[in-house]
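Worksheet for the structure shown next.
Nothing in this text is a laboratory measurement; each read-out follows from the coordinates by a stated rule. Because the structure is a prediction, the values reported are computed rather than measured. For neighbour counting, all protein chains shown are included, and Cβ atoms are generated from backbone atoms with ideal geometry for every residue, glycine included.
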Amino acid sequence: DSGVTQTPKHLITATGQRVTLRCSPRSGDLSVYWYQQSLDQGLQFLIQYYNGEERAKGNILERFSAQQFPDLHSELNLSSLELGDSALYFCASSVDRSYGYTFGSGTRLTVV
Amino acid sequence: AQTVTQSQPEMSVQEAETVTLSCTYDTSESDYYLFWYKQPPSRQMILVIRQEAYKQQNATENRFSVNFQKAAKSFSLKISDSQLGDAAMYFCAYRREMAGANNLFFGTGTRLTVIP
């Protein structure tokens, strides 16, 4: 157990639907990062939050949004889902800049 | 823009032998961190080793070591005495040091096969 908790682990939904992915960072970590990994691809950075505030944005579609709550958990909302959104979505948290990230086990989203 | 390149999509190594995975990166920054992550079939991302750019000494973690060449912007991973459990995707990653925005940039990965 890495200490970063992601729920659900698996999600199957239909095109056009909306889903919410949840992440609880490691205790004490203020930064949360979301990444998307499509099949056999690298990890694409989506968005970063630090203590409730958005800090950096990557290749995140307008149909996607995220937020970090006062208890530091974060949610990634994906709407108007398309087949191409099927991927593994990772959340990671960080204690300081030198350590790197600790990743959750990911949420596998399948859009049918 | 920061980019990370892993030019070896696939590598293989005999059990107990040594293998080196290559990584190059592009940046105009002088202060940054570099990482190697392992992703086994479980898909969990596991930190293998990290290197601070300001440190000349190459990082080592047990059987894993890096060859960091800052001027050449090269960061290779050497795995010694390879074990079956080392079979995985390996991702090189760069972490920038802009204030507040320090996300990781990942390469496309190298799939390592360990042959018994």
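Among the listed pairs A:Lys9/B:Lys78; B:Lys38/B:Lys73; A:Lys9/B:Lys73; A:Lys57/B:Lys70; B:Lys55/B:Lys78, which are separated by more than 29 Å between their Cα atoms? Mind dumping the intermediate values first?
Working: A:Lys9/B:Lys78 33 Å; B:Lys38/B:Lys73 21 Å; A:Lys9/B:Lys73 37 Å; A:Lys57/B:Lys70 27 Å; B:Lys55/B:Lys78 18 Å.
Listed pairs above 29 Å: A:Lys9/B:Lys78; A:Lys9/B:Lys73.
Label points 7 Å out from Cα along the Cβ direction at B:Glu15 and A:Arg22: separation in nm?
Those two pseudo-labels are separated by 4.3 nm.
Rounded if a/c is under 1.5, else prolate if a/b is larger than b/c, else oblate: which is chain A, with a ≥ b ≥ c the root eigenvalues of its Cα gyration tensor? Please list the in-between numbers first.
On the way: a/c = 1.75, a/b = 1.62, b/c = 1.08.
Taking the square roots of the gyration eigenvalues as a ≥ b ≥ c, chain A is prolate.
Given axes a ≥ b ≥ c from the Cα gyration tensor, I'd like to know whether region A:6-45 is rounded (a/c under 1.5), prolate (a/b larger than b/c) or oblate.
On the way: a/c = 2.46, a/b = 1.41, b/c = 1.74.
Here region A:6-45 falls in the oblate category.
With θ set to phi - 60° and the Karplus curve 6.51 cos²θ - 1.76 cosθ + 1.60, what are the ³J(HN,Hα) couplings of region A:51-68 in order, to the nearest whole Hz, using x for Gly and Pro?
Calculated HN-Hα couplings, in order: 6, x, 10, 5, 10, 8, 10, x, 7, 8, 5, 5, 6, 9, 8, 8, 7, 10 Hz.
Calculate one ³J(HN,Hα) per residue across region A:4-15 by plugging θ = phi - 60° into the Karplus curve 6.51 cos²θ - 1.76 cosθ + 1.60, and present them in order as whole Hz with x for glycine and proline.
Running phi through 6.51 cos²θ - 1.76 cosθ + 1.60 with θ = phi - 60° gives 9, 10, 10, 9, x, 7, 9, 8, 10, 8, 9, 4 Hz.
What list of ³J(HN,Hα) couplings, whole Hz, do you get for region B:8-18 from phi and the Karplus terms 6.51, -1.76, 1.60, once you set θ to phi - 60° and write x for glycine and proline?
Computed from phi, the couplings for region B:8-18 are 10, x, 9, 9, 9, 8, 6, 3, 6, 8, 10 Hz.
How big is the protein assembly as shown by Rg and Dmax over its Cα atoms, in Å?
Over the protein assembly as shown's Cα set, Rg and Dmax evaluate to 17.5, 52 Å.
Evaluate E = 1/(1 + (r/R0)^6) for A:Arg63 and B:Ile46, where r is the Cβ-Cβ distance and R0 equals 35 Å; express this FRET efficiency to the nearest 0.05. Let's see the in-between values first.
Working: r = 31 Å, r/R0 = 0.88.
Working from the Cβ atoms, E equals 0.70.
Please report, largest first and rounded to whole Å, the three semi-axes of the ellipsoid equivalent to region B:5-116, where each semi-axis is the square root of five times an eigenvalue of the C-alpha gyration tensor. Walk me through the numbers on the way to the answer.
On the way: eigenvalues 119, 43, 28 Å².
Semi-axes from the Cα gyration tensor: 24, 15, 12 Å.
How far apart, in nm, are two points set 7 Å out from the Cα along the Cα-to-Cβ line at B:Ser7 and at A:Ser79?
My value for the distance between the label points is 4.5 nm.
Relative contact order of chain B: what whole-number percent is it, with Cα pairs under 8 angstrom and at least 6 residues apart?
Values: 284 pairs, mean separation 42.8, N = 116.
Relative contact order, chain B: 37 percent.
Starting from the 7 Å offset along Cα-to-Cβ, what nm value, one decimal, do you get for the label separation of B:Ser80 and B:Arg63?
Result: 1.2 nm between the two label points.
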